[in-house]
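Just below is one structure, and these are the notes that go with it.
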Amino acid sequence: MRTLYYLKNGESLELDSLHCTGCGACVDVCPHAVLVIGERAACDDEDDTPSSDEVARIVNRAACMECGACAKNCPVRAIKVESGVGCAQAIILGKLRGTAPDCDCAGGKSGSCC
Amino acid sequence: MKFTALQKKEERPLAGYKRFEAPGPAYIEDYLEVKDRQIPVIGTRLGFMDRLGAVKMRWGFGRSGYRVLPGVYAVGHPVPDSPVLVSANYKLSFDALRRELSGIAAWILVIDTKGVNVWCAAGKGSFGTAELASKLARTRLADLLSHRKLVLPQLAATGVSAPELAKGARFQAIWGPVMAKDLPAFLAAGMQKDKEMRLVPFGLRDRMAVAPVEFTQAAPFFGAALALSCLYALPGDAQWFGRFLGILGFSWGAILAACFAFPALLPVLPFRAFALKGALLGTAWGLCASALLGAPLLGAAGLALASAATVAFLAMGFTGASTFTSQRGATLEVERGLPWMLGALALALGLGLGSRLFGI
Ligand code: SF4
Ligand code: SF4
């Protein structure tokens, strides 16, 4: 299936590969194959001791929908992302009510998901 | 006062202790007696009513109340060693799960997501670490098991934190596949996923499956278009009805294009912003319709603009049903797009009026 891309996708995704242990939890929960585990790139800062040689890397940032699953499940908090619902109705409702975007949908997304 | 409210909430029954009062839900086929508890055994075949319910949900009837009682269920004849599958209490999620489980023995833990599907509930936090931990405690699920592992739908990972669950509830989260249909393969492979099982599909079929929801949500637009068409076709002379039909066909066509053609064409329409994709589709429809109606120049421009604005707005709403849009992107689209849409609509009305008054 071809990958679909969207505006601003993945722009806020940050990975701190120095602290990453390469556990792979983030790769496991990402629904858009944004991350992979691979060899650490050469470290410029010699004073820092990286915790692992195998670390997570961002390979498809533009596919990242900023859902936050990776950050929530990283045991060492090596990932940061500004997550939220990518739903225009929720954003409009939020603006009208002066609250944070909140989706009221019950069906919609993933009706066939488990 | 507060205390009684809290108590009431706590006293709400859970499945997995006592039998349901007869007749009980149709998906319960039997009961499994374990340690003085009556665990409902659920069927893996969907009945006619389940399918009818699913169709009704898709088209937006009877959404609320379509829930499963939270608690512990069984499928097949699970033993203490059997896996635990966690489900939302949205009936469609529950049905999508159980229909894949024929020939499998497992425990099912249904948590209270307020009748909302896994992904949306996880995004809101109701399919979250706290709710899961609370249901684990209240169902005393650990008493039935010889292990402390839970298979969670992968899409719950936006709400559930595995590290926190391990700390707080001492249960290990194992992320299952995104789609329930991959569960048998996942379990057979010793709970291993391949890359495909991690991805959220959004192919033509998936996009069209959410189209009816968009369609029912567009009801106010159909109504508004009807009212506007009545007015626009004035004066009430002999040609009123003809003009009315023409403009109604045009406007309803635009809404239908947004509901059905847009999701179908989503990947091939250029631009990343849904509103721009929609504006393009809407313009195309507006021009086609003008040609069909034989609208004069000013009228055609008005129709194209009106159609572009309407389809753009509805298309932007499809971000909610899509599976790959970020909040910051959608916010940008709303903030930049809305003023243009409103402006285009106002201009379109002006052009339309001009066209009607001066016949150009
Ligand atoms: S935020 Fe979501 S889509 Fe983006 S990398 Fe993390 S898990 Fe993947
Ligand atoms: S979850 Fe965190 S520690 Fe594990 S691989 Fe991903 S970034 Fe590294």
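The values are calculated or read from the model by the stated rules, or taken from the named source; none is laboratory data. Remember, it's a predicted structure, so these values are computed and weren't measured experimentally. Using ideal geometry, Cβ is built from the backbone for each residue, glycine included, and neighbour counts are taken over all protein chains shown.
Of note:
- Here A:ASN60, A:ASN73 are screened, and the one residue that is within 13 Å of ligand 1 (Cβ to nearest atom) and modelled with pLDDT under 95 is A:ASN60.
- Residue pairs meeting the criteria (Cβ under 7 Å; at least 6 apart or on separate chains; first more than 10 Å from ligand 2 (Cβ to nearest atom), in region A:54-81; second of a type in the set (Lys, Arg) and in a helix (DSSP H, G or I)): A:GLU66/B:ARG328
- A Cβ distance below 9 Å, combined with a sequence gap of six or more or placement on separate chains, defines the contacts here; from region B:44-70, residues that are in the same structural domain as B:ALA15 (by TED's automatic domain parsing) reach residues that are exposed (fewer than 11 other Cβ atoms within 10 Å of the Cβ) and modelled with pLDDT of 85 or more in the pairs B:THR44/B:GLY103.
- If you go through region B:160-172 and keep only what is touching a residue at least 24 places away in the same chain (Cβ under 8 Å) and facing chain A (nearest Cβ under 8 Å), you end up with B:VAL160, B:SER161.
- Of all the residues in region B:274-295, those that are surrounded by fewer than 21 Cβ atoms within 10 Å (Cβ to Cβ) and touching a helix residue (DSSP H, G or I) at 6+ places or on another chain (Cβ under 6 Å) number 4.
- B:LYS149 vs. criteria surrounded by fewer than 18 Cβ atoms within 10 Å (Cβ to Cβ), in the same structural domain as B:GLY16 (by TED's automatic domain parsing) and under 29 Å from B:ARG58 (Cβ atoms): no
- Residue among B:TRP107, B:TRP175 that alone is among the aromatic types (Phe, Trp, Tyr), farther than 25 Å from A:SER83 by Cα and buried (at least 20 other Cβ atoms within 10 Å of the Cβ): B:TRP107
Residues checked against (1) part of a helix (DSSP H, G or I); (2) under 21 Å from the mean Cα position of the chain (by Cα); (3) free of Cβ contacts under 8 Å to residues at least 24 places away in the same chain:
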residue: B:PHE260; (1), (2), (3): yes, yes, no
residue: B:ARG272; (1), (2), (3): no, no, no
residue: B:ALA289; (1), (2), (3): yes, no, no
residue: B:ALA295; (1), (2), (3): no, no, no
residue: B:LEU298; (1), (2), (3): yes, no, no
residue: B:GLY329; (1), (2), (3): yes, yes, no
residue: B:ALA346; (1), (2), (3): yes, no, yes
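- All positions within region B:228-242 that are of a type outside the set (Ser, Thr, Tyr) and assigned to a helix (DSSP H, G or I): B:LEU228, B:CYS230, B:LEU231, B:TRP240, B:PHE241, B:GLY242
- Hey, B:GLY125 of a type in the set (Gly, Ala, Ser) and closer than 24 Å to B:LEU199 by Cα or not: yes
- Among the residues of region B:177-227, those that are without any contact (Cβ under 8 Å) to a residue 40 or more places away in the chain, more than 8 Å from every other protein chain (Cβ to nearest Cβ) and in a loop (DSSP other than H, G, I, E, B) comprise B:ALA189, B:GLY190, B:GLN192, B:ASP194.
- First in region A:14-30 and more than 15 Å from B:ASP194 (Cα to Cα), second anywhere and near ligand 1 (Cβ under 10 Å from one of its atoms) and β-branched (Val, Ile, Thr), Cβ under 8 Å, 6 or more apart: A:GLU14/A:ILE79; A:GLU14/A:VAL81; A:LEU15/A:ILE58; A:LEU15/A:ILE79; A:ASP16/A:ILE79
- Consider region A:2-34 and keep the residues that are at pLDDT 90 or above and closer than 23 Å to B:ARG205 by Cα. The one that is farthest from ligand 2 (Cβ to nearest atom) is A:TYR6.
- The residues of region A:50-80 that are within 9 Å of another protein chain (Cβ to nearest Cβ) and within 8 Å of the chain's Cα centre (by Cα), listed by number, are A:CYS64, A:MET65, A:GLU66, A:CYS67, A:GLY68, A:ALA69, A:CYS70.
- B:LEU85 being touching a Phe, Trp or Tyr at 6+ places or on another chain (Cβ under 9 Å) and buried (at least 22 other Cβ atoms within 10 Å of the Cβ): yes
- If the condition is being touching a Phe, Trp or Tyr at 6+ places or on another chain (Cβ under 8 Å) and over 23 Å from A:MET65 (Cβ atoms), then region B:166-196 contributes only B:GLN192.
- Residue, nearest to ligand 1 (Cβ to nearest atom), within region A:1-36, restricted to residues that are within 7 Å of chain B (Cβ to nearest Cβ) and not in a loop (DSSP other than H, G, I, E, B): A:VAL29
- Any chance B:LEU141 is touching a residue at least 24 places away in the same chain (Cβ under 8 Å), under 25 Å from B:ALA15 (Cβ atoms) and crowded, with 22+ Cβ neighbours inside 10 Å: no
- Subset tally (residues that are within 13 Å of chain A (Cβ to nearest Cβ) and either assigned to a loop (DSSP other than H, G, I, E, B) or at pLDDT 95 or above (or both)) for region B:53-86: 10
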